[in-house]
Amino acid sequence: QDLDGDGPNAPVVLVSGALAANTTYSGSLELLNETESPAESINEEIEEEDDEHQFFYQVTNSLATFDYVDFDDDSNPVGLEFTVTTSATTGTGAITITLLHEPSKNASGVSDGDITNAGGETDIQAVFNISVE
């Protein structure tokens, strides 16, 4: 939760429990604009403009891999839905989730989930500490 956006207050990140090693989890993101009452879903805007958006998942210490489950009309990944598979390696690390606006998603420049060659502009970025046991 980050009610002041780019303001001086740090976001509040709540994560509980460890992930099991060698396990595949199904996941989805729900993004809410909680500065409005009632909170407005940002997912709807991302889904409507899915050809202009993509989430990227970066994991430290090789603790997990992500696979996309949802795609735009051109079969390019979006990332609101995913699977995450933990490795046999146990330990702690972090997952960075980044939403890029207008990344390379065309046939000649598809990023394939690699943020280093995606281009675009960062709309949202959040870091979550994780533990794999």
(message) Every residue in segment 16-33 that is open to solvent by 80 Å² or more (accessible area, probe 1.4 Å) and either over 28 Å from S131 (Cα atoms) or in contact (Cβ under 8 Å) with a residue 60 or more places away in the chain (or both), please.
(response) N22, T24
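Check D50, D6 and return the single one that is in contact with an Asp or Glu (Cβ under 6 Å, 6 or more places away or on another chain) and among the acidic types (D, E).
Numbers: D6 fails: in contact with an Asp or Glu (Cβ under 6 Å, 6 or more places away or on another chain).
Criteria check complete, one pass: D50.
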(message) Just to be sure I understand the filter: pairs with C-beta atoms under 6 Å, separated by 6 or more residues or on different chains, first member in segment 53-71 and more than 15 Å from L29 (Cβ to Cβ), second member open to solvent by 40 Å² or more (accessible area, probe 1.4 Å) and part of a strand (DSSP E or B). Which pairs pass?
(response) T65/T85
(request) Scan segment 13-26 for residues that are over 16 Å from the mean Cα position of the chain (by Cα) and at pLDDT 80 or above and jot them down. (result) G17, A18, L19, A20, A21, N22, T23, T24
(message) Only one of S37, S28, S41 is hydroxyl-bearing (S, T, Y), farther than 18 Å from L99 by Cβ and out of contact with any helix residue (DSSP H, G or I) (no Cβ under 6 Å at 6 or more places or on another chain). Can you tell me which?
(response) S37
(request) Collect the residues in segment 45-88 that are within 20 Å of E102 (Cα to Cα), out of contact with any Pro (no Cβ under 8 Å at 6 or more places or on another chain), of a type in the set (S, T, N, Q) and buried (at least 19 other Cβ atoms within 10 Å of the Cβ), keeping them in residue-number order. (result) N76
(message) I'd like to check something: does segment 35-44 contain any residue that is touching a strand residue (DSSP E or B) at 6+ places or on another chain (Cβ under 7 Å) and surrounded by 16 or more Cβ atoms within 10 Å (Cβ to Cβ)?
(response) yes
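The values are calculated or read from the model by the stated rules, or taken from the named source; none is laboratory data. Note that the coordinates shown come from a computational prediction; the quantities given were computed from them, not determined experimentally. Backbone-built Cβ (ideal geometry, glycine too); neighbour counts: all protein chains shown. Please note that ligands, DNA and RNA were not included when accessible areas were found on the heavy atoms of the full protein model with its side chains. Shrake-Rupley method; radii C 1.70, N 1.55, O 1.52, S 1.80 Å.
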